[in-house]
Amino acid sequence: MMSRDRIKRTTPWFAVGALLFPFLALRSSATTLDDLKNLEIICFVPSHLPQGFHLKRVEITYDELHEEFDDMNHPLPLYSMEYGNGWNATFSIESAREGIGDRNIMPDEADSEETKIQSSFGPMYLIYRPKGKEGRKIEIIANWVSDANMNDEKAKGAESHPALGRYHGFSAAGITVAEFVKIIKSLHPVGSESAAGSATPAAEQPSALKIHPKVFNMISSWISDSESPVVTEINLDAVEKNGNQFNDDGLTQDGEWLRCPVPDTGGFMRYRVLESKGNHYKVEYQENGGGTLTTASIIEFNIEKRNIRRDGRPLTVHVLRVSSYTQK
């Protein structure tokens, strides 16, 4: 077991304390990876992602300027992003300028484990839970690492306040440690001018479809009714977060079919992808209530972003929008 003191010694501390400086959140719901190329700072993106992962969000915010040591005419951008598979598996990146604390802390220390890996940043210390090298982890967190700009600026002296240098933090959920290491080793800069063309398009392309079969159950009418589709647009962000209604208990991949059981009936809901191009999909959906009858339909849809208002505030959500429905 690796000493926690050793991990803590790898993490820089500053007089400003263990929390990040307050920052001015200038988030744009339309922010993309291309927007990171326009920043002066170095931003990292992965060229390897687990199957089914796609880019969920990119955010650009700005650190607070201080007259006593910052150039008030020079903004201090920060960036963050998250990839996911539409379920509980994610990989995220965040950045900080100073005032960082120890990321390698978990609430359940008894069931967590630490390790060290080699990366392009040098030795990187990880903590994850549950214990054990194998299997998907509830959470994986890497300690902060500094980029080349940060190393250059801090070399000027301990009192130097970085303008272009950033610390970068990487974390994940629902994947294995081995998969996390693959992602870390694929990271490359996209934000600096010298690396502006190095973004890997594959990292932001739509990937394998991963939608709960219950979503398609909402589209089709009851057998006793005649009119379908009933629902033509569904908030996929809500589906991902509502784990009680769309829980993955019994969810299995059966060849080309993604299948879930119908509780207390012995029946099932399942679908398979027939065609996909970009964000457009064509699937066959089948449902069985536990008897001899299995119904089937062909559903075509697009996955799009939509701007709505929730509790009076603007919100961007990913939606499934039905474009064609055929009962077989």
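The values are calculated or read from the model by the stated rules, or taken from the named source; none is laboratory data. Since the structure is predicted, the reported quantities are computational estimates derived from the model, not experimental observations. Neighbour counts are summed over all protein chains in view; Cβ atoms, including those assigned to glycine, are modelled from backbone coordinates with ideal geometry.
Please work out which residue is farthest from the chain's Cα centre (by Cα), limiting yourself to the range 234-254 and to residues that are in contact (Cβ under 8 Å) with a residue 24 or more places away in the chain and in a strand (DSSP E or B).
Among residues in the range 234-254 that are in contact (Cβ under 8 Å) with a residue 24 or more places away in the chain and in a strand (DSSP E or B), the one farthest from the chain's Cα centre (by Cα) is 234.
Go through the range 212-225 and count every residue that is modelled with pLDDT under 90 and either touching a strand residue (DSSP E or B) at 6+ places or on another chain (Cβ under 7 Å) or outside the structural domain of residue 253 (by TED's automatic domain parsing) (or both).
Within the range 212-225, residues that are modelled with pLDDT under 90 and either touching a strand residue (DSSP E or B) at 6+ places or on another chain (Cβ under 7 Å) or outside the structural domain of residue 253 (by TED's automatic domain parsing) (or both) number 2.
Pull out all pairs, ordered by first then second residue, where Cβ-Cβ is under 7 Å, the residues are six or more apart or on different chains, the first lies in the range 168-189 and is of a type in the set (Phe, Trp, Tyr), and the second is outside any helix (DSSP H, G or I).
Here the result reads 170/93; 170/142; 180/140; 180/172, each pair linking the range 168-189 to a residue that is outside any helix (DSSP H, G or I).
Looking only at the range 130-145, count how many residues are within 11 Å of residue 108 (Cβ to Cβ) and either touching a Pro at 6+ places or on another chain (Cβ under 9 Å) or of a type in the set (Gly, Ala, Ser) (or both).
Here the count works out to 1.
Only one of (1) modelled with pLDDT under 90; (2) among the β-branched types (Val, Ile, Thr); (3) in a strand (DSSP E or B); (4) out of contact with any Asp or Glu (no Cβ under 7 Å at 6 or more places or on another chain) is not met by residue 317, so which one is it?
Unmet condition: (4).
Would you confirm whether or not the range 198-207 contains a residue that is at pLDDT 50 or above, surrounded by fewer than 18 Cβ atoms within 10 Å (Cβ to Cβ), within 30 Å of residue 245 (Cβ to Cβ) and out of contact with any helix residue (DSSP H, G or I) (no Cβ under 6 Å at 6 or more places or on another chain)?
Taking every residue of the range 198-207 in turn, none turns out to be at pLDDT 50 or above, surrounded by fewer than 18 Cβ atoms within 10 Å (Cβ to Cβ), within 30 Å of residue 245 (Cβ to Cβ) and out of contact with any helix residue (DSSP H, G or I) (no Cβ under 6 Å at 6 or more places or on another chain).
Considering only the range 114-155, state which residues are touching a residue at least 60 places away in the same chain (Cβ under 8 Å) and small (Gly, Ala, Ser).
Within the range 114-155, 119, 120, 146, 148 meet the criteria.
Quick check on this structure: which one of 228, 297, 224 is hydroxyl-bearing (Ser, Thr, Tyr), on the phi < 0 side of the Ramachandran plot and exposed (fewer than 13 other Cβ atoms within 10 Å of the Cβ)? Show your work before the answer.
Numbers: 228 fails: exposed (fewer than 13 other Cβ atoms within 10 Å of the Cβ); 297 fails: exposed (fewer than 13 other Cβ atoms within 10 Å of the Cβ).
Step by step, each of 228, 297, 224 is checked, and only 224 is hydroxyl-bearing (Ser, Thr, Tyr), on the phi < 0 side of the Ramachandran plot and exposed (fewer than 13 other Cβ atoms within 10 Å of the Cβ).
Please state which of the following conditions residue 130 fails to meet, knowing it meets all the rest: (1) under 24 Å from the mean Cα position of the chain (by Cα); (2) of a type outside the set (A, V, I, L, M); (3) under 21 Å from residue 46 (Cβ atoms).
That leaves (3) as the condition not met.
Mind checking which pairs have a first residue in the range 30-48 that is surrounded by fewer than 18 Cβ atoms within 10 Å (Cβ to Cβ) and a second that is in a loop (DSSP other than H, G, I, E, B) and β-branched (Val, Ile, Thr), Cβ under 8 Å, 6 or more apart or different chains?
Pairs found: 37/190; 47/200.
If you take the residues in the range 255-267 that are free of Cβ contacts under 8 Å to residues at least 40 places away in the same chain and surrounded by 11 or more Cβ atoms within 10 Å (Cβ to Cβ), which one is nearest to residue 320 (Cα to Cα)?
Step by step, filter the range 255-267, then rank; the result is 257.
Kindly indicate whether any position in the range 226-233 is part of a strand (DSSP E or B), over 30 Å from residue 37 (Cβ atoms) and modelled with pLDDT of 85 or more. Explain how you work it out, then say what you get.
Restricting attention to the range 226-233, the residues satisfying the condition of being part of a strand (DSSP E or B) are 233.
Now restrict to residues that are over 30 Å from residue 37 (Cβ atoms): 233.
From what's left, modelled with pLDDT of 85 or more: 233.
Within the range 226-233, one or more residues are part of a strand (DSSP E or B), over 30 Å from residue 37 (Cβ atoms) and modelled with pLDDT of 85 or more.
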